[in-house]
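*Asks:* Below is a structure I'd like to ask you about.
The values are calculated or read from the model by the stated rules, or taken from the named source; none is laboratory data. Everything numeric here is computed off the predicted structure, so don't read it as measured data. Glycine gets a Cβ as well: all are built from the backbone with ideal geometry, and neighbour counts include every protein chain shown. Areas reflect the complete protein model, heavy atoms only, side chains present, ligands, DNA and RNA absent. Shrake-Rupley method; radii C 1.70, N 1.55, O 1.52, S 1.80 Å.
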Amino acid sequence: MHLKFTKIILLIFLAFSADAVTILAQHEFGNSPGRYTAFPDIYFLDDKNLIGLNVTERNKRSHHDSSGNTIALSSSDCGISWQPSVYLPPPQVFSDEKKDSYRRLAATSWRALGPHESTPDGAYVWNENGKSFIAQGIVERRSHDNGRSWKIKPLSAPKHAVLLNYNSASHLRTSHGTHVSAFYYRENLTSKSRVLFGRKIGKDTNWSLITLPNSDDWPQIGLDETALAELPDGRIIAFIRPDPDIIGYLYYSISKDQGQTWSKPLRSQVFGYPASVILHNKKLLVTVGVRRTDPFAIEAYILNPDTLIIENRIPLDTAKGKNASDFGYPVTLSCNDNLVSVYYVPGAEGSAYTKVLVWKY
């Protein structure tokens, strides 16, 4: 798919230090009245330093409005500067064994029901601006032309009323070549969310779908948006947003066998959601949005990867005002010893814009 480039408001600041954090660069994209430029994503486009940024500039606050343009950018210097891109290839994490080939699992995402289409039995329906949307199904997407076209094959998923996935933080390719992707679903209209993993080993042609065990807090508390990282010893850790999220603290689960089985989820010490988790300087770095308590903030937690004890909590940004809680969804990458974080910030009268920080601590 070719991406349209829209006008960007860009701010770059010289490096400064605050709270033991050095900000190397700061950028704002899509900061214009009446626009909702939210839910950004960043990811590596190769195995070196090339980063892609993708975000939709909606014309109103919505999860489903598709009337705006897509901002597509790339950076070859670890986020210090950005250039508009007519086309961005898929994230490197989805690259397959052949050149220009990619393979991934994806939820079918929200789609509007047609004017004469009946609602599937048991489906969760999102109504917005006179339209009805459903999100059911999971598919494998394959491309052999650098992501310009895709072949889609439906997979058999557990029975669900709604099934969704998260941004690039929910996808992982381990050092052993195992692909793991995290989804979440509700079995019926009244149940809490559960986490579902898709797993493929190396060049294996088949995906296996694995449901995360319930925590001891089930069914009062479910789990949904999930971020993945590989620990230094090869284990995989998942940090998971609770459902309902008023609880505030992320849950976590660990796999010792490359995502085939998972431990019972436990509540972590990390407050905020949803998460992005990476390994940086041999430590776990978990970036979250604090969206239920004032002051609303973007924060980074530094954890010992063996004990998961918090060693440092780093405030990165704060928001104030009427819509301050609409603030977050950070994604962070480690690039040449620096950190690149992207998230969205509330603007005036229901608008929002995307912000990028390049920083170190």
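*Asks:* So, of the residues in the range 59-77 that are closer than 19 Å to ASN167 by Cβ and out of contact with any Ser or Thr (no Cβ under 7 Å at 6 or more places or on another chain), which turns out to be modelled with the lowest pLDDT?
*Replies:* SER66
*Asks:* State whether one or more residues within the range 297-319 are more than 23 Å from ASP243 (Cα to Cα), assigned to a loop (DSSP other than H, G, I, E, B) and open to solvent by less than 30 Å² (accessible area, probe 1.4 Å).
*Replies:* yes
*Asks:* Hey, among VAL340, VAL358, VAL345, which residue is in a strand (DSSP E or B) and modelled with pLDDT under 95?
*Replies:* Details: VAL340 fails: modelled with pLDDT under 95; VAL358 fails: modelled with pLDDT under 95.
VAL345 is the lone residue from the list that is in a strand (DSSP E or B) and modelled with pLDDT under 95.
*Asks:* Given ALA123, ALA106, which one is in a strand (DSSP E or B), among the small types (Gly, Ala, Ser), out of contact with any helix residue (DSSP H, G or I) (no Cβ under 6 Å at 6 or more places or on another chain) and at pLDDT 90 or above? First the steps, then the outcome.
*Replies:* Working: ALA123 fails: in a strand (DSSP E or B).
Only one candidate passes the filter, namely ALA106.
*Asks:* Say whether the condition of being open to solvent by less than 30 Å² (accessible area, probe 1.4 Å), farther than 21 Å from PHE183 by Cβ and part of a strand (DSSP E or B) is met by at least one residue in the range 74-91.
*Replies:* Looking through the range 74-91, at least one residue is open to solvent by less than 30 Å² (accessible area, probe 1.4 Å), farther than 21 Å from PHE183 by Cβ and part of a strand (DSSP E or B).
*Asks:* Another one. Out of LYS159, LYS153, LYS192, which single residue is basic (Lys, Arg), within 30 Å of GLY272 (Cβ to Cβ), out of contact with any helix residue (DSSP H, G or I) (no Cβ under 8 Å at 6 or more places or on another chain) and touching a residue at least 12 places away in the same chain (Cβ under 8 Å)? If you could, list the steps in order and put the result at the bottom.
*Replies:* Values: LYS159 fails: within 30 Å of GLY272 (Cβ to Cβ); LYS153 fails: within 30 Å of GLY272 (Cβ to Cβ).
Answer to the selection: LYS192.
*Asks:* Please go through the range 45-62 and give me each residue that is under 21 Å from HIS171 (Cα atoms), surrounded by 15 or more Cβ atoms within 10 Å (Cβ to Cβ) and not polar (S, T, N, Q), ordered by number. Explain how you work it out, then say what you get.
*Replies:* Going through the range 45-62, the residues under 21 Å from HIS171 (Cα atoms) turn out to be 45-56.
Now restrict to residues that are surrounded by 15 or more Cβ atoms within 10 Å (Cβ to Cβ): 45, 49-56.
Answer for the range 45-62, where residues must be under 21 Å from HIS171 (Cα atoms), surrounded by 15 or more Cβ atoms within 10 Å (Cβ to Cβ) and not polar (S, T, N, Q): LEU45, LEU50, ILE51, GLY52, LEU53, VAL55.
Results for (1) open to solvent by less than 70 Å² (accessible area, probe 1.4 Å); (2) within 23 Å of HIS63 (Cα to Cα); (3) in contact with a strand residue (DSSP E or B) (Cβ under 8 Å, 6 or more places away or on another chain), shown as yes or no for each residue.
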| site | (1), (2), (3) |
| --- | --- |
| LEU113 | yes, yes, yes |
| GLY130 | no, yes, no |
| GLN136 | yes, yes, yes |
| ILE152 | no, no, yes |
| ALA157 | yes, no, yes |
| VAL162 | yes, yes, yes |
| ALA169 | yes, yes, yes |
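*Asks:* Across the range 234-256, which residue is least open to solvent (accessible area, probe 1.4 Å) among those that are modelled with pLDDT of 95 or more and in a loop (DSSP other than H, G, I, E, B)?
*Replies:* This residue is GLY234.
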